[in-house]
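To keep things clear, I will list the structure first and then write my remarks on it.
Every number here is computed from the coordinates shown, using simple stated rules; none is lab data. All values reported here derive from a predicted model rather than from experimental measurement. We place every Cβ from the backbone using ideal geometry, glycine too, and count neighbours over all the protein chains shown.
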Amino acid sequence: MPKILLFFSLLLTCFIAHSQVGIGTTDPHPDVMLDVNGGLRIRNYNDGSNDAAKDSLVVLDGRGVVHRIATSTLLANMDKSLVKANISSSASSLLSITIGESLIKFDNTEFDIKGEYNSSSGYITIENSGIYRITSQILSSSTISGLVLFGLRLKIRKGGVGSFNTAAETNYTGLSAVPRTISTILELEAGDQIAFYSYNGLSIGVINLSANAYDNYFTIEQVR
């Protein structure tokens with residue numbers, strides 16, 4: 001009799017130690033001890049202490065299992081747009097700005113998280129709707145007359161169809177050593193296209209750009 005009681009005691013202990021609880025389900029997930037199928041309400045909770053994790057969030061993974069994750073890890077996986085490209089010093093044909101308005105094709109992509117920039121066309125196609133910070137710069141290495149207008153334009157083509165329209169522009173007459181810089185924040189929709197254009201007000205000839213890659217570039221960052 002004592003042996004039988006001992007057996008059932010051990011069996012009950014083992015069952016309790018390894019049992020799972022399913023609420024609203026008869027088939028709890030094998031990776032968890034408590035599986036709730038339905039809404040969960042927490043009536044009371046602890047405020048924590050100074051030793052508690054301050055940089056973490058509670059999230060659900062693809063299986064619905066609750067995990068604690070560092071905010072830095074979560075932000076790193078949000079997969080926002082981030083693009084930077086420049087004109088390399090070896091791309092001599094791109095360093096000459098012809099008369100009038102010309103599309104700038106930045107040939108060297110430093111990074112492009114979501115593959116949105118096409119260096120062949122010079123267009124950036126937005127993948128996700130959001131708010132974007134856009135900057136660009138070009139710098140002339142030519143001597144520009146005080147009567148000649150030289151500038152940089154940012155243009156947007158909504159939905160990738162129709163014509164490009166100017167969203168931001170900077171230009172000066174003369175001032176050869178002053179970079180033409182654009183910095184703006186725009187709300188864009190998925191499928192919108194971005195392009196950068198130069199403007200050369202010479203009546204004849206070209207304006208040469210600096211051969212330094214860091215003088216001629218653009219960056220696009222999704223901020224929201």
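Please work out the Cα center distance from the stretch 191-224 to the stretch 107-144, rounded to the nearest Å. Taking the Cα centre of each part, the stretch 191-224 and the stretch 107-144 sit 8 Å apart.
The Cα atoms of the stretch 82-222 cover 42, 28, 22 Å along the three principal axes, with the biggest extent listed first. Counted by neighbouring Cβ atoms within 10 Å, the residues His67, His29 run from fewest to most as His67, His29. Working note: Karplus 6.51/-1.76/1.60 with θ = phi - 60° gives the stretch 25-38 the couplings 8, 9, 9, x, 5, x, 8, 10, 8, 10, 10, 9, 9, x Hz, where Gly and Pro are set to x. The residues Ser176, Ser140, when put in order of fewest to most other Cβ atoms within 10 Å, stand as Ser176, Ser140. Compare the Cα positions of Thr109, Val178, Asn165 along the charge dipole of the stretch 82-222 (+1 at Cβ of Lys, Arg; -1 at Cβ of Asp, Glu; about the Cα centre) and return the one farthest towards the positive end. Value: Val178. Between Ile185 and Ser89, the modelled label-to-label distance comes to 3.6 nm, taking each label 7 Å out from Cα in the direction of the beta carbon.
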